[in-house]
Amino acid sequence: MHSLIQLSIVVLLLPLLSFVILIFFNRRLPRRGDFIGVGILGTAFAISAYIFWSVIVQTYDPAFRIAWDFTWIDLGNVPGVGPLQIKMGVVIDNLTSIMLAMVTLISLLVHLYSTGYMAGDKNYGRYFAFLGIFTFSMLGIVLSDNLFSIYIFWELVGLSSYLLIGFFFEKQSAADAQKKAFLANRVGDIGMWLGILILYSQFHTFSFEQIYANLAAGKFGLSNGWLTAAGILLFMGCVGKSAQFPLHVWLPDAMEGPTPVSALIHAATMVAAGVYFVARIFVVLTPDALHVIAFTGACTAFMAATIAITQNDIKRVLAYSTVSQLGYMVLGLGVGAYSAALFHLVTHAFFKACLFLGSGAIIHAMHHEQDMRWMGGLRKHMPWTFATFTLATLALAGLPLTSGFMSKDAILAGAIGFAKTEGGGIFYLIPVLGFFSAMLTAFYMGRQIWLVFFGESRTHLKPAEDDHHAAHHAHAGHDAHTDDHHQEHGVHEVSWNMRAPLVILATLSIFFVYSPDPLDGGKGWFMKMIQTPATVVGEANHQIGDLRTPVSTATLAAAVPNVEVPAAEAGEHAGAEKGAHSYADMRQAEIVHAGHAAHFTAIYISSIMVLLGISLAFIVYVFNIIDPEKTAIAIRPLYLFSLNKWYWDEIYDATFIKGSMLLANILSWFDTTIVDGIVNGVATLVRNFAFLNDGFDRHVVDGLVNFTAFTVNTTGAVLRKLQTGKVQTYVVMLLLAVFGYFVFYLTRLIY
Amino acid sequence: MLSLIVFLPIIAGLVILAVPSSQKQIIRIVSLLAALAQGVLAVLIWRGYDPALPGITAGPGGSPLGSFQFVEKIPWISLHLGGFGSLNIEYFLGVDGISITMVILTALISAIGVLSSWTIQKQVKGYFILYNLLASAMMGCFVALDFFLFYVFWEVMLLPMYFLIGIWGGPNREYAAIKFFLYTLFGSVFMLLVMIGLYFSVTDPVTGNHTFSLVAMATQSNYIKDAILGPANVFWRYVAFIVLFIGFAIKVPMFPFHTWLPDAHVEAPTPISVILAGVLLKLGTYGMIRINFPLFPEVFRAGMYVIGIFGAINIIYGAFCALAQKDLKKMVAYSSISHMGYVLLGLAAGNSEGMVGALYQMFNHGTITAMLFLLVGVIYDRAHTRQIEKFGGLATYMPVYAALVTVAWFASLGLPGLSGFISEALVFVGAFSSVTTRYIAMVSVLGIVFGAAYLLWSLQRMFLGQRKPDAAYDLVVGEDGHEHIHFHDWNGKLDLDGRELAMLVPLMLITIFLGIYPMPVLGMLTTSINKLVQVLSPVVMSQM
């Protein structure tokens, strides 16, 4: 076993250890054992950092991959299949080592931050235990080398998010939110499970490597449609976990969880798992499946952005912004901008975690006020939070010099390239939605910054007896907080253990971490280490797509001389030879190429859109040229549509939830009335028959018996008359009998 | 060994017979000791079991030895019936992969059931005598390899169950008991006919006599060609399969023969519910695997699709009915129906993955559902109601109970890391890999979502949020200023007490352990299942 594999298993198991210790012993430990959680995560991060260093910095090879597995379930010599085992295993490649470092770092920071934020909670120890099992599950997803174990950890992430979202379970809204999150995820999961089953049923293995090898060898026995279906179904898992349309509804509600949890699971890890998973299965996605993914991502990005602009709850804005950004990542994968999407995954994880933790600091300082309308002027009181929050906002909005700029630009460039390659038309909708959402992002983040940090404090404006007010207190109050007005002097900067994570995360939102050129992420280590893998089901695969002319790889290379696009672009770099990557698939190569060509186009358009968005935010909120309230009234239907989140919750409630309950009640009625009714009816029939039978028995059967007895009796009485006891009579009768016999015998003789 | 494990409870029952009925504690302890001894024997059998031997059919030379293990075979009843030949009934016990897990499960659940019966106060002596009789009969069913003997155990099981529900049950107990009894009896009458038909159709290859041996019956070459259930008599073989299947399906219970189950569960006392769900339901599917399918493999192949559909109906219909229930125990009862649907689906797949999954699901459903019913019993003891709406916010006041409920509920909804997941996953893997049941599997996955829906919803209504205004308990502020809850008529410990933990924690540990490392159980199954799959279908179905 490779030493890195051993280390990665240690990293995986450490948070589980933290969970086990804390769930059982937290009440017996000093400080409820929070130092154990932080310490263990610190160790895990240190080891992950070492793995990252070994793999990314020292090895610096895009094709780096080591794996190890063991037999988990041995089904013996299965008839028709042969020896069949289900294996579990660990894989470490560049993506894994980056994710490993990212997840453990953010988890560590969230642990640290929570020692401040959650201090004094009555279930303080249990909270850290839950963080532990969550981190464990997430690391499991990252390290899995097969579909089955990824599904296992996928569900465990669902469980741990259930526990964390519903941490304040006394609140009805939290209990609702956790259930909703779990169920929405499960809907996605059954799709994912079916996708896994399609692939398994063909190859009798769950291992990524073996499935891909089999697919590449053209051993897929079902039609092309099944393969596309498998891709889309697997993607459904991502739709659930990464909160893509139409299963995005759980994520905003999940803000009921403690705010650091939102930073961990709704910004950096759990929601990223979906994107990560699609990246893992990227090579099995057929062009049709990719189109579905691209459109889903674009719709999600756009829809969530339109909702975010009207939300008043500071965390909900961030939640919808997360949904929107996840849409970007999914869009990126769909259009084939693989590296860009994963790049955005990582950059977004850091700046969004920073934003969530920053909002937590604000909420903490504001005594659990979450409504931005009653904030304002906080920059004077919370300079550290202000600085880091602003930096992360710039990254989210995608301004140059930030990490978000590079990654978002790379995705949008890929989208343009994709639209060109696919022949334009409807496919241009994807970049258009992407750019438009970029503008909206800049707008709502500008609005948020302004409402929260600038101007004067508006706490005194808060209506005292407002329903809204009460509702928000219900949202926020995990301590029995009074509803008096927050006094401004109560607002203060947070302590060091909450500030340090903000600073670290904000630092990681700056461009130089990822690339020396602030305008081009492609020149950085990330994009070089994470390169688009060659598809195993592309058009070049003869077995897939019967209609297409078989093209061998060799011809392809000749047909597309520039296939080694990423390396060629970065030509003079030393890593060029190492990074050389040839695509077996023409479509893939063209898209990547066109994406690179569109690089500057994307930069121009997105910069313009971002500037537009920010200017609009300034016009509305800083210069007050446009009054937001009047505008809201003027376009009231649109405003309400956005404020009410496109009414998805209402639609789902009216259709799926009410429908399921109705069906449940109908079936339950059917069960007790019809099915059981038939049973009871049969029983009654049988019983009635028994009564009939009884009558029959008494009158007919018994009658027969009695009749027989009667007959015997009568006959006996008659016969008794013959039994006189006199010998003479007997002799006469004997003679008569003999005579009769002779008569009978003679007649037989004659005839 | 097997005779001992079967008859130990009856011996305990005889001992109890001699104990005066006022000595309740002695009666309980005798039963517990018998159950524990049974458990020790089960462990010995488990340790001594060789997973390399396949079972299912006879070993080399037509003898059960070399295939089955712990075999005990002696002539039992031998009647010469003149022109009809002779009636040979054997006392024939043995285990293979498909019964060994059930033997272990039965021993486990019986012991848990005794612990759970500790609180029974009414006619303790009679209760435990019947309980021990039931425990013996259940165990006997799983190890009997002679159809006649199986039938005897099967029928003997009915009687104590009838009285245990009918005397120690809830308000509507008599209706539930008679329903259970008649329903099952209805099934077993057909079983009797098929059994006699089989007897006259099969000869023992060794002796040449007719036989009730299930081992001989599982080999198609032992059938007399023109006999009533011989291979030539296709029509009657189909009829026999169907009526036998219905007989077992009632026990499973399979839609539409399931309505006795919710009634029986709601009325039965907690330990009897545990036995019923934990072991008795398994007898239905065990009967299918042991008798129905291998004796009529060609009919099974023809009927896989239909069985699969009934499995899917069970899964989804059971889940929806559970969603609508207001009584917690009834909800759990319907969840049982739903989960037994997975067993049917796995069997219908007819391939190793599906069948291993089905058998593993039987084991896991036994432990998990036992846990669910015990947990329902815990709250019923305290609150004297099971209406879900009468609770709320319990997690704050009964944290240990809430934690165990959460684990059990999640085990039931098939969370990875807990044993139920692996069996359900294998069932789906098998059902999807088989062309016959592929589309059925695609529909059945809905059960995963709705299973989660009813469980999480009940969890939320009972344990999360705040106490409801009309809750079955009062909120009192204690001297230390903390809020407590108080149940009327309950003087015991508010949260789980030692006895309850002793019942629940072992089951929970098993559930977790087998969820992480399933091979201790699966390892015993696979050889037999692979053999069974070959017996069922010479042409393998899991291939495309």
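The values are calculated or read from the model by the stated rules, or taken from the named source; none is laboratory data. Values in this document were obtained by computation on a predicted structure and should not be read as measured data. Glycine also receives a Cβ, built like all others from the backbone with ideal geometry; neighbour counts cover every protein chain displayed.
Scanning region B:449-497 for residues that are away from every other protein chain (no Cβ under 11 Å), within 28 Å of the chain's Cα centre (by Cα) and without any contact (Cβ under 8 Å) to a residue 24 or more places away in the chain yields one hit, B:Asp497. For region A:201-228, give me each residue that is surrounded by fewer than 21 Cβ atoms within 10 Å (Cβ to Cβ) and at the interface with chain B (Cβ under 10 Å from one of its Cβ atoms). If the condition is that a residue be surrounded by fewer than 21 Cβ atoms within 10 Å (Cβ to Cβ) and at the interface with chain B (Cβ under 10 Å from one of its Cβ atoms), then A:Gln202, A:Gly221, A:Leu222 are the ones that fit. Taking (1) farther than 17 Å from B:Thr259 by Cβ; (2) within 11 Å of another protein chain (Cβ to nearest Cβ); (3) out of contact with any Phe, Trp or Tyr (no Cβ under 8 Å at 6 or more places or on another chain) in turn, B:Lys330 satisfies each apart from (1).
Does B:Lys179 satisfy being of a type in the set (Lys, Arg) and surrounded by fewer than 19 Cβ atoms within 10 Å (Cβ to Cβ)? Taking the combined requirement at face value, the residue does not satisfy it. Tallying residues that are closer than 11 Å to B:Gly447 by Cβ and among the charged types (D, E, K, R) within region B:319-343 yields 0. For region B:499-518, the condition of being among the aromatic types (Phe, Trp, Tyr) and exposed (fewer than 15 other Cβ atoms within 10 Å of the Cβ) holds for at least one residue. Right, B:Val405: at pLDDT 90 or above and at the interface with chain A (Cβ under 7 Å from one of its Cβ atoms) or not? Considered against the rule, which asks whether it is at pLDDT 90 or above and at the interface with chain A (Cβ under 7 Å from one of its Cβ atoms), B:Val405 comes out as no.
For every residue, the table says whether it meets (1) at pLDDT 80 or above; (2) surrounded by 11 or more Cβ atoms within 10 Å (Cβ to Cβ).
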site	(1), (2)
A:Leu667	yes, yes
A:Val686	yes, yes
A:Asn693	no, yes
A:Asp697	no, yes
A:Thr708	yes, no
A:Thr714	yes, no
A:Leu719	no, no
A:Gln723	no, no
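Can we say A:Pro252 is under 29 Å from A:Phe295 (Cβ atoms) and either crowded, with 24+ Cβ neighbours inside 10 Å or over 15 Å from the mean Cα position of the chain (by Cα) (or both)? For A:Pro252, the condition - under 29 Å from A:Phe295 (Cβ atoms) and either crowded, with 24+ Cβ neighbours inside 10 Å or over 15 Å from the mean Cα position of the chain (by Cα) (or both) - is met. Go through region A:383-401 and give me each residue that's surrounded by fewer than 24 Cβ atoms within 10 Å (Cβ to Cβ) and either in contact with a Cys (Cβ under 6 Å, 6 or more places away or on another chain) or of a type in the set (Val, Ile, Thr) (or both). Of everything in region A:383-401, just one residue is surrounded by fewer than 24 Cβ atoms within 10 Å (Cβ to Cβ) and either in contact with a Cys (Cβ under 6 Å, 6 or more places away or on another chain) or of a type in the set (Val, Ile, Thr) (or both), namely A:Thr390. What about A:Asp702, is it surrounded by 10 or more Cβ atoms within 10 Å (Cβ to Cβ) and within 30 Å of B:Lys330 (Cβ to Cβ)? Answer is no for this residue. For region B:433-444, the candidate set comprises residues that are under 17 Å from B:Glu353 (Cα atoms) and out of contact with any Phe, Trp or Tyr (no Cβ under 6 Å at 6 or more places or on another chain); within that set, the residue that is surrounded by the fewest Cβ atoms within 10 Å (Cβ to Cβ) is B:Val435. Of A:Ala63, A:Ala101, all but one fail to be in contact with a helix residue (DSSP H, G or I) (Cβ under 7 Å, 6 or more places away or on another chain), under 17 Å from A:Ile530 (Cβ atoms) and more than 14 Å from chain B (Cβ to nearest Cβ); the exception is A:Ala101.
The single condition from (1) in a loop (DSSP other than H, G, I, E, B); (2) without any contact (Cβ under 8 Å) to a residue 40 or more places away in the chain that B:Val435 fails is (2). Of all residues assigned to region A:292-301, at least one qualifies as being at pLDDT 90 or above and under 23 Å from A:Ser359 (Cα atoms).
Among residues of region A:407-466 being surrounded by fewer than 24 Cβ atoms within 10 Å (Cβ to Cβ) and of a type in the set (Val, Ile, Thr), the one that is farthest from the chain's Cα centre (by Cα) is A:Thr459.
Restricting B:Val234, B:Val206 to those that are surrounded by fewer than 17 Cβ atoms within 10 Å (Cβ to Cβ), farther than 30 Å from B:Tyr380 by Cβ, modelled with pLDDT under 85 and β-branched (Val, Ile, Thr) reduces the list to B:Val206. Among the residues examined, B:Ala403 does not qualify as closer than 19 Å to A:Ile152 by Cα and part of a helix (DSSP H, G or I).
Looking at A:Leu95, is it within 14 Å of chain B (Cβ to nearest Cβ), touching a residue at least 24 places away in the same chain (Cβ under 8 Å), under 23 Å from the mean Cα position of the chain (by Cα) and farther than 30 Å from A:Arg27 by Cβ? No: the conditions fail for A:Leu95. Taking region B:159-178 as the range and being in a helix (DSSP H, G or I) and in contact (Cβ under 8 Å) with a residue 40 or more places away in the chain as the test, the residues that pass are B:Met161, B:Leu164, B:Ile165, B:Ile167, B:Trp168, B:Arg173, B:Tyr175, B:Ala176, B:Ala177. Quick one: is B:Pro506 at the interface with another protein chain (Cβ under 8 Å from one of its Cβ atoms), under 20 Å from the mean Cα position of the chain (by Cα) and at pLDDT 90 or above? Here the answer is no, as B:Pro506 does not meet what is asked.
How about region A:152-172: which of its residues are more than 10 Å from A:Gly257 (Cα to Cα) and more than 7 Å from chain B (Cβ to nearest Cβ)? Selection gives A:Phe153, A:Trp154, A:Val157, A:Gly158, A:Ser160, A:Lys171. Does at least one position in region A:117-131 carry a residue that is of a type in the set (A, V, I, L, M), surrounded by fewer than 24 Cβ atoms within 10 Å (Cβ to Cβ) and at pLDDT 90 or above? The answer is no, given that none of the residues of region A:117-131 is of a type in the set (A, V, I, L, M), surrounded by fewer than 24 Cβ atoms within 10 Å (Cβ to Cβ) and at pLDDT 90 or above.
Checking each residue in region A:361-404 for being in a helix (DSSP H, G or I) and within 26 Å of the chain's Cα centre (by Cα) picks out A:Ala392, A:Thr393, A:Ala395, A:Leu396, A:Ala397, A:Ser403, A:Gly404.
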